[in-house]
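Enquirer: Attaching a single structure in structure tokens format; questions to follow.
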Amino acid sequence: MDDRKTNWPLTLFLLIVSAPILIMYVWLFIDSVSEINIESIWPEKFTLRNWRFLTEEIPGHGSVWTATLNTTIFATSVVAIVVVLSSTAGYALSRLKFPFRAPFLGIVLLLHSFPSVTLIISIFLMLRMIGLYDTLVGVILVKAALELPFGIWIMKGFYDTVPWEIEMAGLQDGASRFQVWYKLVLPQIMPGVAALAIFSFMAGWSEFVLPLILAPSSDTRLLSVYLAGLIIDDYLSDFGLFKAVGLFYVVPVMIFYLFTQDKLMNIYGGGTKG
Amino acid sequence: MLPASVTVTLFFVIPVMMTFVFSFTTMSSDTGILGNRYIVTKATILDLTEHGIDAALVRQLGHKVFRFNDAGLAKIREIGLDSSLVKEIEEKLSGDEFASEKALFAALKQLINRPRSFKHRKAISKSVVNTITNQEFRTAAAFRAGLVANGIKVDDATFGQLLDLTNTSWRWTTDNYVELLASDFTFKILANTAFYVFFTLLFNVGFALVLALATFYMPSGQSKFFRAVWLIPRISPSVIYVMLWKWFTFDSGFMSYFLGSLGVEPENWLNEFPWTFVIIVNGFVGASMGMIIFASAVLAIPADVLRAAEVDGAYPMQQVRRIILPLMAWPILFITSYQTLSLLTSFEYILLLTDGGPGFFTTETWALNAYHTALSNYFGNLRYGFGATLAVVLVFFGVALSLLYLRLFDFKKLVAEPLIEN
Amino acid sequence: MEIRLEKFSKSFGPVNAIEDMDLAIGDGEMIALLGPSGCGKTTTLYAICGLHRVSAGRIWFGDREVTHLVPQERKVGVVFQSFALYPHLSTFENIAFPLQIRKESNADIERKVKDIANTLHIEELLGRRPGQLSGGQQQRVALARALVRRPDVLLMDEPLANLDAGLRLEMRSEIRRIQRESGCTSILVTHDQVEAMSMCDRIALMHKGKIQQIGTPDEMYHQPKNKFIAGFIGNPPISFADGVVEDGRFVAQGLSFELPDQIKGASVSAGQKIAIGVRPEYLQPDFATAIEGEVTFIESQGREILYDLKLGGGQIFRSIQSSEQTCKLGDQIHWGIDVNSVFFFDEQGVRL
């Protein structure tokens, strides 16, 4: 077991079941830059026509750049809110004594495994009532709030691993509780903060259902909604275009993932929720 | 701490409660969500006739007239049209009346500086339209004034009737629950959901285990490759992932091409086998998550234990069955229960893939149906209240299963008291 | 059963861990693979049980060649450092596992497990899970599991490393007793010379992927083949000093004495650089060949006292004495060494 030989039937089996994924993503690239021939899946001719959405609006679908900007704002805001609130709340839950700590922790834990998508209807109605419907602010707040229990829980897990002695020593040395947190404890859990930030960014960049329901109009729509809009448009049935937009949308997150995957894997350290 | 609790409460705890509240209302896009409005809609006009309101009055209520009076012209000036066009309208059309939008547009076409975009023509039409239809009134008095302004005279008795019939505010009701229990669709959706959750789960967990174990018994280069491949669906946005499956199964996509070379007619395979692909598409994503957890669980088994099994004579299949699987009982239980809950309640991938189709309710699951009922359907009337009722069932399951997880985990340990006491 | 390794080599990619190793272990013999960490002893063990594939050479169990057999087909019993008990199985099931895998009948399994449990004094533990056992008990269970199917060879990888000191002493003699009773050819991998010397018939001392010397514990101690072995075996360790041969004498700064006859007669020539090794028990106050230095360190170990003596050339010589403490730190003293018990090494470290 310590030096494994290739087991060809096993490798072949995995290759076959993995084939759809490999094929789909290879052709995502191929078809985005080639003219599509309905008879064959092999590319005939190189073209950049599928990328026209970068310079002109597809009729009825608004500008891709507005959507890109919105997506960027959306994802970064969600990261900022989630990271700041989770790292403070996680610390409080892990280390501070305050009234109703246990019940609050229970609620966070409950919400952490609670399927937030079931709340979408009442959130939609509430946003309509308070006038945040179809605004980026509204959907950012909702997404951040839904990510929070997970973030708080993860951060609490990371804080739990920091030895108490560090804090006790800090207090002995005359630092305030805040200084202890900021200068001694926070640096210890930077891997956790980084993992959470990366995770939230990817979740934000890919989010579809919330913006679809809560911010559907062309000024507020995100790339996911933009692309989904193209796909369900009956007048377009152009996989070349879809794939070009798809590639445009997926490449940043893929690159981001490649550069951050080691850090991101920290988040699975707790082994509770992926 | 405080901001976090406020945000969690505002967008999490309150929505849970509000879902229950909404489920006891008749809220819909017809009634609006704020309530207490008087609106004459096309639907109410049909209703009025049935309730024996004088046909002439009904006609008047449905009547639209486009008047270029002072009020209308003032609104036109605010649209932001070319000043030449505004000037021309003021000169040529002031005081005119049109009985239909078509006539109005015809007249606009005659202008020298005629508005080119449909958006502008529509804006003009909206500025000068005079009708009681589709106008919202917050009070009975305003409604009365609106009627008068549109030159409609009604006696008090008829007005009382009108108030009743045009009041769109939602009511408290338990009918949603009655309907839920009585409806034939409920059973169909329930069956769909059970089918979907069960088979996707089977695929998910089974495949995740196969992947984690197969890659464990491979040379590290290969196992890294396969794990990377299976992570792709998970890190790509759902919209792209599903779009690629649509292409893969499309009548000019890969499957058709591949099977075509074997002599099979091209088909839209997604439409032919909707459930198969709903399960596979969800399963691939779920399997990749399970794979991560299971792979690390296998690695957590001490290497010496597996070495011992090997020298004790256990071949890989026996190791898996007698050592690895029993030691992975907890991760498997965790993934299974976690995926059950998320499959039960999420609808993102089905929405993108089949949207409940093809045809009527073929792959419509409970969560998707709640979404369709309340937020997106072809019938025009979004039934928020009934949608919330459907959601309540899911919320109920969500809370129950989440509580179950709390029992499974060691909650006491997780909330251990802080050691520094201030 | 006799175990033989012929020209066994193992490489990991470009790194050669073991090169051309020959080793023969007699039937019923217990041999120790002793060496510092990274010397290739665990690699050798894993090759014998089949967990590592062999790069070159052959392995024989009796007259059966097992070189290319998978571990499942080798009939070896292994005790791992961590004991590697199956945490989800009871003691009984753990011991029965190798038999169940071979689909032996339940009656046979029952009988064999009871027998071995009896030998190891763990009958009353059969119903417990590994988590409920102490370290020593786990060790016994691991031994029972390794021995239950009467393996051709019993392999133990640092079996005592995870036990605390008292238990280690007890298990040392227990393992030896059980090995003798079972008559099973055994290999013990350890970095601890005391374990190797006290438990095994012979020791194979390994260094950098090669066996430096094979011999009984006594041979290893009194007739080391080279400087490495002399330095590795013995606690407190031997003291070395470099010098040259002049007029039939060993000469170093602050130290000079007449070479014993058998060294003089051997192939040392004048001016040759040699090294000496003096074991602490051969440096005593009343020994013949005078040696002079300053006491720089004294450690009382209760029954014995350990001294460090710093010679004029800066070399440190260690002495272990059982008598009362005779001097104090900083004293200049005259002691002596027993020249006939001193080891002499040539420049390559080979003993003369």
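Since every read-out is calculated from the coordinates, none of them should be taken as a lab result. Computed from a predicted structure; not experimentally measured. For neighbour counting, all protein chains shown are included, and Cβ atoms are generated from backbone atoms with ideal geometry for every residue, glycine included.
Enquirer: Sticking to Cα atoms, compute the Rg of region C:3-232 to one decimal and its Dmax as the biggest Cα-Cα distance, whole number, in Å.
Expert: According to the Cα coordinates of region C:3-232, Rg and Dmax are 17.6, 56 Å.
Enquirer: Going by Cα centres, region B:11-27 and region C:114-190 are how many Å apart?
Expert: What the calculation gives is 65 Å, centre to centre.
Enquirer: Expressed as a whole number of Å, what is the distance separating the alpha-carbon centroids of region C:261-336 and region C:55-102?
Expert: If we compute the Cα centre of each part, the gap is 49 Å.
Enquirer: Sticking with this one: Through the Karplus equation 6.51 cos²θ - 1.76 cosθ + 1.60, θ set to phi - 60°, convert the phi angles of region B:284-293 into ³J(HN,Hα) values in whole Hz; use x for Gly and Pro.
Expert: Those phi angles translate into 4, 5, x, 4, 5, 5, x, 4, 4, 5 Hz.
Enquirer: Still on this structure: If you look for lysine pairs in chain A that are eight or more places apart or on different chains, how many of them have Cα atoms under 19 Å apart? If you can, show how the numbers build up before the last one.
Expert: Values: A:LYS45/A:LYS243; A:LYS97/A:LYS156; A:LYS143/A:LYS273; A:LYS156/A:LYS183; A:LYS156/A:LYS263; A:LYS156/A:LYS273; A:LYS263/A:LYS273.
Summing the qualifying lysine pairs gives 7.
Enquirer: B:VAL129: net charge of surrounding residues, Cβ under 9 Å, Lys/Arg +1, Asp/Glu -1, itself excluded?
Expert: Values: positive: B:LYS64, B:ARG67, B:LYS126; negative: B:GLU101.
Local charge sum for B:VAL129: +2.
Enquirer: D for region C:63-161, whole µm²/s, Stokes-Einstein with Kirkwood Rh over alpha-carbon pairs at 4 °C and 1.567 mPa s: what number?
Expert: 94
Enquirer: Inverting the mean 1/r over all pairs of different Cα atoms, compute the Kirkwood radius of chain B and quote it in Å.
Expert: Kirkwood hydrodynamic radius for chain B: 27.6 Å.
Enquirer: I need the calculated FRET efficiency for the pair C:HIS88 and C:HIS121, taking r as the beta carbon distance and R₀ as 22 Å, to the nearest 0.05.
Expert: Details: r = 24 Å, r/R0 = 1.11.
My answer for the efficiency is 0.35.
Enquirer: Another question, if that's okay. D for region B:183-414, whole µm²/s, Stokes-Einstein with Kirkwood Rh over alpha-carbon pairs at 4 °C and 1.567 mPa s: what number?
Expert: My calculation gives 65 µm²/s for D.
Enquirer: How far apart, in nanometres, would the label points at B:THR133 and B:PHE360 be if each is projected 7 angstrom from Cα along the Cα-to-Cβ direction?
Expert: About 2.9 nm separates the two model spin labels.
Enquirer: On to the next question. Would you mind counting up the charge near C:ARG318? Only other residues with Cβ under 15 Å from its Cβ, with Lys and Arg at +1 and Asp and Glu at -1.
Expert: Numbers: positive: C:ARG279, C:LYS310; negative: C:GLU281, C:GLU294, C:GLU299, C:GLU304, C:ASP308, C:ASP338.
For residues surrounding C:ARG318, the net value is -4.
Enquirer: Average projected area of the Cα convex hull of the protein assembly as shown, in nm²? Write out the running numbers ahead of the final one.
Expert: Working: hull surface 251.3 nm².
Projected area, direction-averaged: 62.8 nm².
Enquirer: Moving on. Under Stokes-Einstein, with the Kirkwood radius over Cα pairs standing in for Rh, what whole-number D in µm²/s applies to region B:55-183 at 20 °C and 1.002 mPa s?
Expert: The diffusion coefficient I find is 124 µm²/s.
Enquirer: Could you give me the radius of gyration and the Dmax of region A:137-247, taking only the C-alpha atoms into account and expressing both in angstrom?
Expert: 21.2, 71
Enquirer: Same structure again: Suppose only helical runs count, i.e. DSSP H with n ≥ 4. What mean residue ellipticity at 222 nm does that imply for the protein assembly as shown under -39500 (n - 2.57) per run, divided by all residues and rounded to the nearest 500 deg cm²/dmol?
Expert: Numbers: 43 runs with 541 residues, N = 1048.
Result for the protein assembly as shown, helices only: -16000 deg cm²/dmol.
Enquirer: A further question follows. How big is Rg to Rh over region A:8-47, alpha-carbon atoms, Rh as the Kirkwood inverse-mean-distance radius?
Expert: A ratio of 1.16.
Enquirer: Moving on. Determine which aspartates and glutamates satisfy two conditions relative to C:LYS75: a Cα distance under 18 Å, and not lying fewer than 8 residues away in the same chain.
Expert: Excluding near neighbours in sequence, the set is B:ASP304, B:GLU310, B:ASP312, C:GLU2, C:ASP27, C:GLU29, C:ASP63, C:GLU65, C:GLU104, C:ASP108, C:ASP152, C:ASP157.
Enquirer: A further question on this structure: Need one number for region A:62-270: average projected area of the convex hull over its C-alpha atoms, nm². Working shown, then result.
Expert: On the way: hull surface 54.9 nm².
Mean projected area of the Cα convex hull: 13.7 nm².
Enquirer: Test of understanding: in a Gaussian network model of chain C with alpha carbons linked when under 10 Å, which of C:ASP115, C:ASP157, C:ASP261 would top the mean-square fluctuation ranking?
Expert: C:ASP261
Enquirer: Take the residue pairs B:LYS75/B:LYS119; C:LYS10/C:LYS41; B:LYS102/B:LYS126; B:LYS64/B:LYS153 and return only those whose Cα atoms are more than 18 Å apart.
Expert: Violating the 18 Å limit, Cα to Cα: no pairs.
Enquirer: Let me ask something else. With chain B treated as a Gaussian network of Cα nodes joined by springs under 10 Å, which of B:ILE45, B:ILE14, B:ILE279 yields the largest mean-square fluctuation?
Expert: Of B:ILE45, B:ILE14, B:ILE279, the most mobile in the Gaussian network model is B:ILE14.
Enquirer: Output the DSSP H helices from chain A with an along-axis C-alpha extent of no less than 27 Å and a mean Kyte-Doolittle hydropathy no less than 0.5.
Expert: Correct list, ordered by number: A:8-32, A:64-95, A:136-161, A:239-264.
Enquirer: Okay, next question. Under the classification rounded if a/c is under 1.5, otherwise prolate if a/b is larger than b/c and oblate if not, where does region B:106-249 fall, given a ≥ b ≥ c as square roots of the Cα gyration tensor eigenvalues?
Expert: Oblate.
Enquirer: Can you put C:GLU19, C:GLU292 in order, fewest other beta carbons within 10 Å first?
Expert: So the ranking, lowest neighbour count to highest, is C:GLU292, C:GLU19.
Enquirer: What is the set of long-range amide H partners of C:ALA17 at a cut-off below 5 Å, with H atoms built 1.01 Å from backbone N?
Expert: For C:ALA17, the qualifying residues are C:LYS10, C:SER11, C:PHE12.
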